[in-house]
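The values are calculated or read from the model by the stated rules, or taken from the named source; none is laboratory data. The shown structure was predicted, so the numbers you read here are calculated from the model rather than taken from an experiment. All Cβ positions, glycine included, derive from the backbone under ideal geometry; neighbour counts span all protein chains shown. To get the accessible areas, we keep the full protein, side chains included, count just its heavy atoms, and leave off ligands, DNA and RNA. Shrake-Rupley method; radii C 1.70, N 1.55, O 1.52, S 1.80 Å.
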Amino acid sequence: MNRFIKVFKKFPRTFWTANTMELFERWAWYGIFAVLALYLTHDKASGALGFSQTEKGIIMGTGTFLLYLLPVITGALADRYGYKKVLLISFIILMTGYLLLTQLTSFTGVFLVYLLIAVGGSMFKPVIGATIAKTTDEETSSIGFGLFYMIVNIGAFIGPLVAAKMRALDWDYVFIVSSVIIAFNTLLLILFFKEPTTYTKGERLFSELKSIGLNIISVIKDWRFALFLLIIAGFWSVYFQLFYSLPVFIDQWMDTSIVYRYLENLSPSIAQSIGTTEGTINPEVLTNIDAFYIILFQVMISGFVMRFKPLKTMTSGILIMTIGIFFMFAFKNPMFLFFSILLFGIGEMSTSPKVSEYIGRIAPDGRVALYMGCSYLPLAIGNLVAGFLSGSLFERIADKTTLLKNYLDRHTEILQGASFSTNSTADFNKVAEKMSLTPDQLTHLLWQEEKPWRIGLIFASIGIVAFLSLLLYDKFVTTKKVTEP
């Protein structure tokens, strides 16, 4: 205990300032990201935008792709011009972007603003990580990065809970709250953040960026490493369905009042605090179980897997996550989510930290930072693929509006000349009334007839391919021995 206290006292003020800013930035980001798929696709009568699943996939996939692709460049800008300046520009962009989302309703406008937000986020991400690295040393880095990872998940846990309450009042409040939180971060930056290092300008910026590009190309030419990154991109493309597809799937197909009643029996106060006035649980609250599990079990999981080689751990983690993603979409009863998200989370906690560990171990001497920088590439590619999977593919296989239209096309006698666009809750309810069914009964009928759960098979199949590929990679491709921890 005395050692921990001794280490804590060694952290400078900037370390704590950076962690606080990370907490609030993650709160702001996940407050929006956790509900974004719902905001983009809910019907306009609810105050949302009413976009198609395909449009949702394009916006989220492309924007988040840039968020993880650009840090290599934005990190170079920070090294050249200073962390504080880049963070200030990042916060200004994020505040502006979040507020603009309250004003724009067209696909083009929202798409461009989300790209702007991605640029702002990409400026924050590498700088704050580098600040933690520069404000810790050999003695304090282990505890320092452990605290940092915990702070990330606390912010990611709080954000969706607050967003669920805000959108019950008005969708605009979700974005306004995130903008206010970033404004608070700006104040922290100005008052308490001190540059953790000094800077020399060196060569021209264009030459630096050209050098970065050439270095990345040289790394990708290492075909073994490039193949590893491609396999891990498959893992991320499945992982991000937690945000891209699952909230929409829960919203369209699951009766979350079942969970509310269960919680109410355990503790009425808990049910009321996280539930809605209608006696349901919002999808973003249910998907947030993943962050809750990470806060509870990450240290335990990390302690367990530290005895195994990184590739073995990642392979097992991908398989466990794949089983979890299948079960997420296999059942209409939302109570199964508690177990399926636990499996998913165990796989995530086993795999994600080990990716960075493995890359750090196989990187050649003198190129560790460059190889670690390339660890963002699978995240970028994974988001791009996730956008497609949750867009046009999800729309064809699992979107309730599309499946209702397909069903009505096969049973033209139901409408008998009446016309329903079926693109809103009101239209869906009218069709149910026309069929002498309740909305829940019509949903169950479509579940039985159209089988939307098949989307889980597709996500799981990608996970299985990633699992088998990494298994074969470990057996036949790996040539550099990775020592046991």
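Tabulated data for the structure shown
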item: Candidate set from the stretch 177-222 (those that are within 28 Å of Pro160 (Cα to Cα), open to solvent by 60 Å² or more (accessible area, probe 1.4 Å) and of a type in the set (Val, Ile, Thr)); member that is modelled with the lowest pLDDT; result: Ile190
item: Members of the stretch 436-460 that are open to solvent by 40 Å² or more (accessible area, probe 1.4 Å) and either farther than 30 Å from Phe240 by Cβ or not in a helix (DSSP H, G or I) (or both); result: Ser436, Leu437, Thr438, Gln441, Leu445, Lys451, Trp453
item: Some residue of the stretch 118-133 being under 23 Å from Ala380 (Cα atoms), part of a helix (DSSP H, G or I), at pLDDT 90 or above and of a type in the set (Phe, Trp, Tyr); result: yes
item: Residue in the stretch 372-388 that is most open to solvent (accessible area, probe 1.4 Å), counting only those that are at pLDDT 80 or above and farther than 20 Å from Phe243 by Cα; result: Ser375
item: Any hit, the stretch 305-314, residues being open to solvent by 60 Å² or more (accessible area, probe 1.4 Å) and either at pLDDT 90 or above or farther than 21 Å from Lys475 by Cα (or both); result: yes
item: Boolean, Phe145 is out of contact with any Gly (no Cβ under 7 Å at 6 or more places or on another chain), touching a residue at least 60 places away in the same chain (Cβ under 8 Å) and open to solvent by 40 Å² or more (accessible area, probe 1.4 Å); result: no
item: Count of residues meeting criterion [charged (D, E, K, R) and open to solvent by less than 10 Å² (accessible area, probe 1.4 Å)] in the stretch 53-79; result: 1
item: Test: residue in the stretch 260-272 that is in contact with a helix residue (DSSP H, G or I) (Cβ under 9 Å, 6 or more places away or on another chain), under 30 Å from Phe388 (Cα atoms) and in contact (Cβ under 8 Å) with a residue 12 or more places away in the chain; result: no
item: Complete set of residues in the stretch 42-62 that are assigned to a helix (DSSP H, G or I) and under 21 Å from Leu389 (Cβ atoms); result: Gln53, Thr54, Glu55, Lys56, Gly57, Ile58, Ile59, Met60, Gly61, Thr62
item: Subset of the stretch 253-270 (residues that are of a type outside the set (Phe, Trp, Tyr) and surrounded by fewer than 19 Cβ atoms within 10 Å (Cβ to Cβ)); result: Asp255, Ser257, Ile258, Arg261, Leu263, Glu264, Asn265, Leu266, Ser267, Pro268, Ser269, Ile270
item: Helices (runs of 4 or more DSSP H) lying entirely in the stretch 281-358 (those with 1 or more residues that are among the hydroxyl-bearing types (Ser, Thr, Tyr) and free of Cβ contacts under 8 Å to residues at least 60 places away in the same chain); result: 289-305, 310-330
item: Checklist (1) farther than 23 Å from Tyr376 by Cβ; (2) over 21 Å from the mean Cα position of the chain (by Cα) applied to Asn282, failing item; result: (2)
item: Condition check for Ala45: buried (at least 18 other Cβ atoms within 10 Å of the Cβ) and modelled with pLDDT under 95; result: no
item: Leading residue by the ranking (nearest to Asp43 (Cα to Cα)) among those in the stretch 389-401 that are touching a Phe, Trp or Tyr at 6+ places or on another chain (Cβ under 9 Å) and open to solvent by 30 Å² or more (accessible area, probe 1.4 Å); result: Thr401
item: Pairs where the first residue, in the stretch 67-82, is among the aromatic types (Phe, Trp, Tyr) and the second is open to solvent by 40 Å² or more (accessible area, probe 1.4 Å), C-beta under 6 Å, 6+ apart; result: Tyr68/Tyr376
item: Complete set of residues in the stretch 360-398 that are without any contact (Cβ under 8 Å) to a residue 40 or more places away in the chain, farther than 20 Å from Leu457 by Cβ and in a helix (DSSP H, G or I); result: Gly360, Val368, Ala369, Met372
item: The stretch 80-128, subset polar (S, T, N, Q) and open to solvent by 10 Å² or more (accessible area, probe 1.4 Å), residue farthest from Ala37 (Cα to Cα); result: Thr96
item: Scope the stretch 339-358; condition among the polar types (S, T, N, Q) and open to solvent by less than 40 Å² (accessible area, probe 1.4 Å); matching residues; result: Ser340, Ser350, Thr351, Ser352
item: Hits in the stretch 164-195 - residues which are free of Cβ contacts under 8 Å to residues at least 40 places away in the same chain and among the hydroxyl-bearing types (Ser, Thr, Tyr); result: Tyr173
item: Close pairs (8 angstrom Cβ cut-off, 6 or more residues apart or separate chains): closer than 17 Å to Asp399 by Cβ in the stretch 428-449, among the charged types (D, E, K, R) anywhere; result: Phe428/Lys400; Thr443/Lys400; His444/Lys332; Leu446/Lys400; Trp447/Lys332
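Yes or no, residue by residue, for (1) modelled with pLDDT under 90; (2) more than 16 Å from Asn185 (Cβ to Cβ); (3) hydroxyl-bearing (Ser, Thr, Tyr):
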residue	(1), (2), (3)
Thr14	no, no, yes
Met21	no, no, no
Ile32	no, no, no
Val35	no, yes, no
Leu40	no, yes, no
Gly50	no, yes, no
Asp79	yes, yes, no
Ile92	no, no, no
Leu100	no, yes, no
